[in-house]
Ligand SMILES: Cc1cc2nc3c(=O)[nH]c(=O)nc-3n(C[C@H](O)[C@H](O)[C@H](O)COP(=O)(O)OP(=O)(O)OC[C@H]3O[C@@H](n4cnc5c(N)ncnc54)[C@H](O)[C@@H]3O)c2cc1C
């Protein structure tokens, strides 16, 4: 059985590991099932993007080579290499990937298929902005190289694994002067203060993000975290340089399948987190980028039924939608201990890439909260009507009728995809549910 990170669906499929390009080609040549084939990374997508019930999953984590050419700052990466392994290899040469997500346990293939974003999106854009080439295995068995001048490149970026199997990518890294980030945290009393502070920090900080407390009175109080690479003080810089990122953290047991996330536990945790001592100074780059990686399998705290992560983006100037959302969640007593607000910059060229200029809010909820699904369905409609959209890589529940409002270039993507995969080999539970293909 396989599930996404949210553990809210269990899926049965035939899983085939492939550690070489020849092995991947062999799996593709042998797959005849009506339910097709899907590339899989580390299953850090929350919902059903990386599930293919009744079909085949090809597991690519063995395809993990990392080669870095220091003078050109170009890395050639196997699709199964992780962001974390890339960070370790790059830091050893005073380099770093310009865009990294909130966890390092994501494969390069998964990062491309989602066109992931990080805390730097307002400056760097999404993951695709650092890519120079993608090597893709097509359903015909042919291997093709695509660059940003090709429509196939942009259909594959954010393309949810539905255009082919990414085998390798070429990406440009950035220089860093140390293994640290200079971090400044500020407490804010409500959403208006949070939005104002994030807004005014864009020009001075490469990394901006806010933890938002959505429990209690739902005023949107929280902690805004602002960061820049390196540390201006020579002492701190020499201390951090060369330090290896910490090893994997503690593992959380399954805790008997119980859900520990209740309005009471969330409120207590959020009160503690809101009052925590604020950072002002150097922090480890890896810990700063991936704060949740200290505890493995933290998703187990939601118990057997699992949870969903709801992430959407809405245009600047349409902030009134937050008040409606908060009022509805408050009425349901739906408390989230992982609430994140961030301001995005410009969208990439990909028709299915999620990030685009606006505010993005991310919330985690146990699927057992009474009335939550009905409320979110209504909110999805309001969001679509207001021009917003949800992040498909985290989705497991969106109504297919809303896709074209949220992703207006979906038909353009569909026609490129159909040319790339005329026999409809690449499939996923999400693609079938949302009628993407
Ligand atoms: C704690 C946590 C924090 C996160 N933070 C962020 C964040 O800050 N920003 C963000 O954007 N996302 C974030 N994510 C989401 C995560 O980055 C994406 O879900 C990513 O796609 C997961 O990569 P994976 O290797 O686990 O891929 P999987 O979950 O295994 O697969 C995801 C998709 O990628 C496709 N895919 C995987 N490998 C290939 C390949 N070689 N070729 C073609 N398609 C492939 C799959 O078919 C599937 O559609 C976070 C997730 C977690 C759990």
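The values are calculated or read from the model by the stated rules, or taken from the named source; none is laboratory data. Just so we're clear, the structure is a prediction, and the values are computed from it rather than from any experiment. Don't worry about glycine lacking a Cβ; one is built from the backbone with ideal geometry, like all the others, and counts go over all protein chains shown.
Tell me the residue from 148, 98 that is over 22 Å from residue 61 (Cβ atoms), touching a helix residue (DSSP H, G or I) at 6+ places or on another chain (Cβ under 6 Å) and modelled with pLDDT of 95 or more, please. Break it down into steps so the answer makes sense when it comes.
Values: 148 fails: touching a helix residue (DSSP H, G or I) at 6+ places or on another chain (Cβ under 6 Å).
After ruling out the rest, the residue left standing is 98.
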Output the qualifying pairs, or none if there are none: Cβ atoms under 7 angstrom, residues six or more apart or on different chains, first residue in the range 107-119 and more than 14 Å from residue 209 (Cβ to Cβ) and without any contact (Cβ under 8 Å) to a residue 12 or more places away in the chain, second residue part of a loop (DSSP other than H, G, I, E, B) and more than 6 Å from the ligand (Cβ to nearest atom). none
When residues of the range 275-307 are limited to those that are within 12 Å of the ligand (Cβ to nearest atom) and part of a strand (DSSP E or B), the one farthest from residue 191 (Cα to Cα): 296
Cβ-Cβ under 7 Å pairs, at least 6 apart or on other chains, the range 188-199 side at pLDDT 95 or above, far side outside any loop (DSSP other than H, G, I, E, B) and surrounded by fewer than 18 Cβ atoms within 10 Å (Cβ to Cβ): 188/197; 197/186
Can you say whether residue 322 is part of a helix (DSSP H, G or I) and closer than 24 Å to residue 431 by Cα, as far as the supplied structure shows? no
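When you check residue 131 against the structure, is it touching a helix residue (DSSP H, G or I) at 6+ places or on another chain (Cβ under 9 Å), near the ligand (Cβ under 8 Å from one of its atoms), modelled with pLDDT of 95 or more and within 28 Å of residue 315 (Cβ to Cβ), yes or no? Walk me through it before giving the result.
On the way: touching a helix residue (DSSP H, G or I) at 6+ places or on another chain (Cβ under 9 Å): yes; near the ligand (Cβ under 8 Å from one of its atoms): no; modelled with pLDDT of 95 or more: yes; within 28 Å of residue 315 (Cβ to Cβ): yes.
Spelling it out, it is not the case that residue 131 is touching a helix residue (DSSP H, G or I) at 6+ places or on another chain (Cβ under 9 Å), near the ligand (Cβ under 8 Å from one of its atoms), modelled with pLDDT of 95 or more and within 28 Å of residue 315 (Cβ to Cβ).
For the condition closer than 18 Å to residue 156 by Cβ, modelled with pLDDT of 95 or more and either touching a helix residue (DSSP H, G or I) at 6+ places or on another chain (Cβ under 9 Å) or surrounded by 21 or more Cβ atoms within 10 Å (Cβ to Cβ) (or both), what is the one hit in 412, 382, 378? Spell out the reasoning first.
Working: 382 fails: closer than 18 Å to residue 156 by Cβ; 378 fails: closer than 18 Å to residue 156 by Cβ.
On inspection, the qualifying residue turns out to be 412.
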What single numbered condition from (1) under 21 Å from the mean Cα position of the chain (by Cα); (2) surrounded by 15 or more Cβ atoms within 10 Å (Cβ to Cβ); (3) closer than 30 Å to residue 188 by Cβ fails to hold for residue 396? (3)
